[in-house]
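The structure under discussion appears below in the form of structure tokens.
Since every read-out is calculated from the coordinates, none of them should be taken as a lab result. Here the structure is a predicted model, which means the values were calculated and not measured. Cβ atoms come from the backbone with ideal geometry, glycine included; neighbour counts cover every protein chain shown.
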Amino acid sequence: MTAPVAATSRTPIAREFRAAKAALGLRQAQIWVPDTRSPAYIAECKRIVGAYRIRASRMGTRGRARQNE
């Protein structure tokens with residue numbers, strides 16, 4: 001039994017691609033990811049990196065694996 005392929009493909013190439021993937025037992029899924037261009041996202045990344053830097057500076061070298069072992 002094969003999975004149904006969406007009829008929304010605009011080109012025959014896309015339809016063929018989706019049909020081939022469906023034949024392999026795969027299903028198309030849409031995922032939402034953060035907009036990395038957003039000023040809010042950039043600010044949050046900077047906040048997180050800053051927190052890690054503060055933590056690392058407090059730990060010194062104790063929190064790191066030794067390089068020559």
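Of all alpha-carbon pairs in segment 12-59, indicate the percentage at a distance above 18 angstrom.
On the way: 687 of 1128 pairs.
More than 18 Å apart: 61 percent of the Cα pairs in segment 12-59.
Put in line by how crowded their Cβ is, counting other Cβ atoms within 10 Å and starting with the fewest, Val33, Val49 read Val33, Val49.
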